[in-house]
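**Q** Structure in structure tokens, see below.
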Amino acid sequence: MKIFKRMVFLLCLVLALSLLVEAQALAQIIRENDGTTLKQIIIFGRHNIRSPTNSPEELAKYAVDPYPEFEVPPGCLTPNGKQAARLLGAYFRQYLLAQGLLTGDEQQDLSHSHFRSKSKERSWETAKAFGSGLITNVDAPVHSYKIGEPDRFSIP
């Protein structure tokens, strides 16, 4: 048992040291300026966490345990999905502020931003929540085609 504990300790020590070396190398890469300037960013994503598109009765045919109830209609974005999209927007906000692509002035940042989604509720709400995390204290407009109109972006 003593040998096993020593082996585990040595393995943990080797892993910790290798992570330390990797972190130092990464920090050096980040500090180096290669002369490039980030001018714009385009973020593509899908909708966030949604409820199932099938009814609980349909899903029960395939589940051993009862399927959980969702507080939203089938196929719609859940409150957790909205929160996750908002948090992702906040993460990008910090990054883009550090890169100088956002100023922190909500109105100015909003004038240089464009949010677009498919017309489905889950996609539209995801874009809206992402926008509220990215540009705080404003209601960022989300652009989409009307339901039933072809969306040129998603046609292969």
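The values are calculated or read from the model by the stated rules, or taken from the named source; none is laboratory data. It should be emphasised that the depicted structure is a prediction, and the values quoted were computed from it without experimental measurement. Every residue, glycine among them, receives a Cβ derived from its backbone with ideal geometry; neighbour counts consider all protein chains shown.
**Q** Scan region 96-103 and tell me whether some residue there is out of contact with any Asp or Glu (no Cβ under 7 Å at 6 or more places or on another chain), under 19 Å from ASN48 (Cα atoms) and at pLDDT below 95.
**A** Within region 96-103 (the criterion being out of contact with any Asp or Glu (no Cβ under 7 Å at 6 or more places or on another chain), under 19 Å from ASN48 (Cα atoms) and at pLDDT below 95), the answer is no, since none of the residues qualifies.
**Q** Residues of region 116-144 being outside any helix (DSSP H, G or I) and either under 21 Å from ARG50 (Cα atoms) or touching a His at 6+ places or on another chain (Cβ under 6 Å) (or both), which ones?
**A** ARG116, SER117, LYS118, SER119, LYS120, VAL142, HIS143, SER144
**Q** Pick from region 131-156 the residues that are of a type in the set (A, V, I, L, M, F, W, C) and touching a Ser or Thr at 6+ places or on another chain (Cβ under 9 Å): which of them is surrounded by the fewest Cβ atoms within 10 Å (Cβ to Cβ)?
**A** Here the residue is ILE147.
**Q** What is the residue count in region 96-107 for residues that are exposed (fewer than 15 other Cβ atoms within 10 Å of the Cβ) and touching a residue at least 40 places away in the same chain (Cβ under 8 Å)?
**A** Count: 2.
**Q** Which of (1) out of contact with any His (no Cβ under 9 Å at 6 or more places or on another chain); (2) exposed (fewer than 14 other Cβ atoms within 10 Å of the Cβ) does LEU110 not meet, given it meets every other one?
**A** (2)
**Q** Could you tell me which numbered condition ILE41 fails, if it satisfies all but one of (1) hydrophobic (A, V, I, L, M, F, W, C); (2) in contact (Cβ under 8 Å) with a residue 40 or more places away in the chain; (3) in contact with a strand residue (DSSP E or B) (Cβ under 7 Å, 6 or more places away or on another chain)?
**A** Here ILE41 meets the rest and fails (3).
**Q** Just to be sure, is GLY81 without any contact (Cβ under 8 Å) to a residue 60 or more places away in the chain, of a type in the set (Gly, Ala, Ser) and in a loop (DSSP other than H, G, I, E, B)?
**A** Answer is no for this residue.
**Q** Could you list all residues from region 44-70 that are under 23 Å from GLY131 (Cβ atoms) and either in contact with a helix residue (DSSP H, G or I) (Cβ under 8 Å, 6 or more places away or on another chain) or surrounded by 10 or more Cβ atoms within 10 Å (Cβ to Cβ) (or both)?
**A** GLY45, ARG46, HIS47, ASN48, ILE49, ARG50, SER51
**Q** Being under 15 Å from the mean Cα position of the chain (by Cα), basic (Lys, Arg), surrounded by 13 or more Cβ atoms within 10 Å (Cβ to Cβ) and more than 19 Å from ILE41 (Cβ to Cβ) is true for just one of ARG93, ARG122, ARG86. Which residue is that?
**A** Only one candidate passes the filter, namely ARG122.
**Q** Would you mind stating whether ARG122 is touching a helix residue (DSSP H, G or I) at 6+ places or on another chain (Cβ under 8 Å) and of a type in the set (Lys, Arg)?
**A** yes
**Q** Considering region 130-147 alone, what residues qualify as being under 17 Å from the mean Cα position of the chain (by Cα) and within 14 Å of SER119 (Cβ to Cβ)?
**A** VAL142
**Q** So is GLY75 in a loop (DSSP other than H, G, I, E, B) and either of a type in the set (Gly, Ala, Ser) or at pLDDT 90 or above (or both) or not?
**A** Answer is yes for this residue.
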